[in-house]
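Since the structure comes first, as structure tokens, the remarks are kept for the end.
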Amino acid sequence: MSASPVYLDAATATPLHPVARQALLAALDDGWADPGKLYSQSRRARQLLDAARAATAETLGVRADELSFTASGTAAAHAAVLGGLAGRRRAGRTFVHSAIEHSAVLHAAERHVADGGEATSVPVDRLGGLDPDAWSAAVDAPGVALAALIAASHEVGTVQPVAGAAAACDDAGVPLYVDAAQLVGRGPVPAGWSLLTASAHKWGGPAGVGLLVVRKGTRWESPYPADERESGRTPGALNLPAVVAAAASLRAVAAEATAEAARLAPLVDRIRARVAADVPDVEVVGDPERRLPHLVTFSCLYVDGEALLHALDRRGFAVSSGSSCTSSTLRPSHVLEAMGVLSHGNVRVSLHRETSEADVERFLAELPGIVADLRAEAGVVGL
């Protein structure tokens with residue numbers, strides 16, 4: 001009998017929280033009507049939507065009328081970037097962002113450049129931390145309309161200096177957009193930002209729900225055709241049962257966040273130490289201290305990343321890779337590339353509320369043999 005599968009890719013999607021499941025099933029009965037209509041079924045749907053918005057806003061520490069639900073975290077990121085740039089077009093056409101933003105932000109930047117705008121990428125150090133001097137110089141340049149900084153790296157876990165970056169933006173009179181997808185539900189987001197996004201399936205809510213927060217006084221103009229829903233920020237009907245489930249699970253995970261971080265951080269410390277000690281020619285990447293409590297990334301020399309992920313999957317381990325250095329693309333992750341670290345044989349392990357110490361121990365026990373077998377198949381021996 002094979003061992004049960006171990007899911008270690010929470011940075012991509014976290015298993016549905018029990019509270020989310022309960023709220024989703026209940027809302028399927030009460031939340032199917034259009035909350036914009038006047039009859040009783042719609043009034044009930046409106047009550048559910050208003051309650052979900054109020055609960056989510058309270059958890060985030062923002063006003064309810066600053067928060068909109070979107071169809072995904074990606075849609076929220078696109079709206080934040082393109083809407084923030086559109087609202088500030090009179091100030092300039094330059095978009096400043098870190099070199100390690102999520103691809104959704106970088107794709108929005110590409111669209112902006114294709115439409116005649118400019119984008120400035122700010123470098124990071126070898127641990128994945130933002131270069132504060134380069135950031136300050138970039139946002140202080142003439143014609144900057146918007147700046148973007150991910151709260152914590154989705155690939156290597158390094159927590160970024162959001163407060164300092166926000167202060168530099170404030171001095172320059174530039175609004176700051178923060179992609180908080182890996183932080184919301186795990187801890188508070190530092191203050192000073194003007195726009196913020198998050199994604200429900202990162203904290204244990206259902207997929208298909210994103211958050212877009214536009215602070216009062218922030219110039220923002222919808223990049224979409226006019227639509228009256230969600231204060232004009234989100235086109236189309238919301239998946240209201242999923243929104244209700246997202247709000248309920250966010251409140252639950254936020255209440256558990258401190259205890260959960262205290263449980264997972266030592267397990268990640270164990271992975272960092274044991275992988276470095278037990279697997280030859282491996283580089284554990286990301287900041288060892290200023291990091292998310294649940295995520296660790298390492299790269300193995302002389303191993304194809306795709307082959308390693310498949311081998312781990314055959315042994316029951318679901319992990320991700322921060323590297324797309326495969327036979328199809330031959331290009332490493334832009335995050336690892338920006339950091340200047342090893343990208344071959346890259347593995348990202350991210351833990352969640354269902355991850356046990358036994359799961360971690362089993363992974364650590366089997367990983368060295370799996371890597372050694374792959375190296376032997378490739379003719380690399382004697383390490």
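Could you list, in sequence order, the residues of segment 263-290 that are among the basic types (K, R) and either crowded, with 22+ Cβ neighbours inside 10 Å or under 17 Å from L8 (Cα atoms) (or both)?
Result: R263, R270, R272, R274.
Return the residues of segment 103-119 that are touching a strand residue (DSSP E or B) at 6+ places or on another chain (Cβ under 8 Å) and farther than 28 Å from S321 by Cβ; say none if nothing qualifies.
H112, G117, E118
Check V122, V144, V189 and return the single one that is β-branched (V, I, T) and open to solvent by 20 Å² or more (accessible area, probe 1.4 Å).
Selected residue: V189, the only one of V122, V144, V189 that is β-branched (V, I, T) and open to solvent by 20 Å² or more (accessible area, probe 1.4 Å).
Within the set of pairs 6 or more residues apart or between chains, which connect a residue that is closer than 18 Å to T355 by Cβ and without any contact (Cβ under 8 Å) to a residue 60 or more places away in the chain inside segment 268-290 to a residue that is open to solvent by less than 70 Å² (accessible area, probe 1.4 Å) and aromatic (F, W, Y) with Cβ atoms less than 9 Å apart?
Once the first residue is closer than 18 Å to T355 by Cβ and without any contact (Cβ under 8 Å) to a residue 60 or more places away in the chain and sits in segment 268-290, its partners that are open to solvent by less than 70 Å² (accessible area, probe 1.4 Å) and aromatic (F, W, Y) give R272/F298.
Collect the residues in segment 76-103 that are surrounded by fewer than 22 Cβ atoms within 10 Å (Cβ to Cβ) and assigned to a helix (DSSP H, G or I), keeping them in residue-number order.
Those that are surrounded by fewer than 22 Cβ atoms within 10 Å (Cβ to Cβ) and assigned to a helix (DSSP H, G or I): A86, G87, S103.
If the requirement is being within 21 Å of L351 (Cβ to Cβ) and within 19 Å of the chain's Cα centre (by Cα), which of these qualifies: A247, A254, A259?
When all the criteria are applied, what remains is A254.
From the residues in segment 291-307 that are out of contact with any Gly (no Cβ under 6 Å at 6 or more places or on another chain) and more than 19 Å from G128 (Cα to Cα), which one is most open to solvent (accessible area, probe 1.4 Å)?
Y302
Let me confirm something: among A71, A3, A55, which residue is touching a helix residue (DSSP H, G or I) at 6+ places or on another chain (Cβ under 6 Å) and of a type outside the set (V, I, T)?
Testing whether each residue is touching a helix residue (DSSP H, G or I) at 6+ places or on another chain (Cβ under 6 Å) and of a type outside the set (V, I, T) leaves just A55.
Could you check segment 125-141 and list, in sequence order, the residues that are surrounded by fewer than 22 Cβ atoms within 10 Å (Cβ to Cβ), of a type outside the set (G, A, S), touching a residue at least 24 places away in the same chain (Cβ under 8 Å) and not in a helix (DSSP H, G or I)?
Once the filter is applied, which keeps residues that are surrounded by fewer than 22 Cβ atoms within 10 Å (Cβ to Cβ), of a type outside the set (G, A, S), touching a residue at least 24 places away in the same chain (Cβ under 8 Å) and not in a helix (DSSP H, G or I), segment 125-141 yields D125, R126, L127, D140.
From the list K202, K216, which one is among the basic types (K, R), touching a residue at least 60 places away in the same chain (Cβ under 8 Å) and farther than 30 Å from L24 by Cβ?
Criteria check complete, one pass: K216.
The conditions are (1) within 24 Å of V122 (Cβ to Cβ); (2) in a helix (DSSP H, G or I), and T297 fails exactly one of them. Which is it?
Result: T297 passes all but (2).
Could you tell me which of the residues D179, D227 is crowded, with 24+ Cβ neighbours inside 10 Å, among the acidic types (D, E) and in contact with a Ser or Thr (Cβ under 8 Å, 6 or more places away or on another chain)?
After ruling out the rest, the residue left standing is D179.
Condition first: in a loop (DSSP other than H, G, I, E, B) and without any contact (Cβ under 8 Å) to a residue 60 or more places away in the chain. Can you find one or more residues in segment 42-50 that meet it?
no
Is one or more of the residues making up segment 27-35 at pLDDT below 95, touching a Ser or Thr at 6+ places or on another chain (Cβ under 7 Å), assigned to a loop (DSSP other than H, G, I, E, B) and closer than 22 Å to V213 by Cβ?
Within segment 27-35 (the criterion being at pLDDT below 95, touching a Ser or Thr at 6+ places or on another chain (Cβ under 7 Å), assigned to a loop (DSSP other than H, G, I, E, B) and closer than 22 Å to V213 by Cβ), the answer is yes, since at least one residue qualifies.
Is at least one residue of segment 348-367 open to solvent by 60 Å² or more (accessible area, probe 1.4 Å), farther than 30 Å from E256 by Cβ and not in a helix (DSSP H, G or I)?
Within segment 348-367, none of the residues are open to solvent by 60 Å² or more (accessible area, probe 1.4 Å), farther than 30 Å from E256 by Cβ and not in a helix (DSSP H, G or I).
Within the bounds of segment 310-325, is there any residue that is hydrophobic (A, V, I, L, M, F, W, C), over 16 Å from A10 (Cβ atoms) and at pLDDT 95 or above?
Within segment 310-325 (the criterion being hydrophobic (A, V, I, L, M, F, W, C), over 16 Å from A10 (Cβ atoms) and at pLDDT 95 or above), the answer is yes, since at least one residue qualifies.
Give all pairs with beta carbons closer than 8 Å in which a residue from segment 7-36 that is without any contact (Cβ under 8 Å) to a residue 40 or more places away in the chain meets a residue that is part of a loop (DSSP other than H, G, I, E, B); count only pairs at least 6 apart in sequence or on separate chains.
So the pair list comes out as A33/Y39.
May I ask you to list the residues in segment 150-186 that are more than 26 Å from T12 (Cβ to Cβ), in a loop (DSSP other than H, G, I, E, B) and touching a helix residue (DSSP H, G or I) at 6+ places or on another chain (Cβ under 7 Å)?
Passing the criteria: V174, P175.
The values are calculated or read from the model by the stated rules, or taken from the named source; none is laboratory data. All of these numbers come straight from a predicted model, not from anything done at the bench. FYI the Cβ positions are ideal-geometry reconstructions off the backbone, even for glycines, and counts take in every protein chain you see. These area figures cover heavy atoms from the full protein model, side chains too; ligands, DNA and RNA do not enter into them. Shrake-Rupley method; radii C 1.70, N 1.55, O 1.52, S 1.80 Å.
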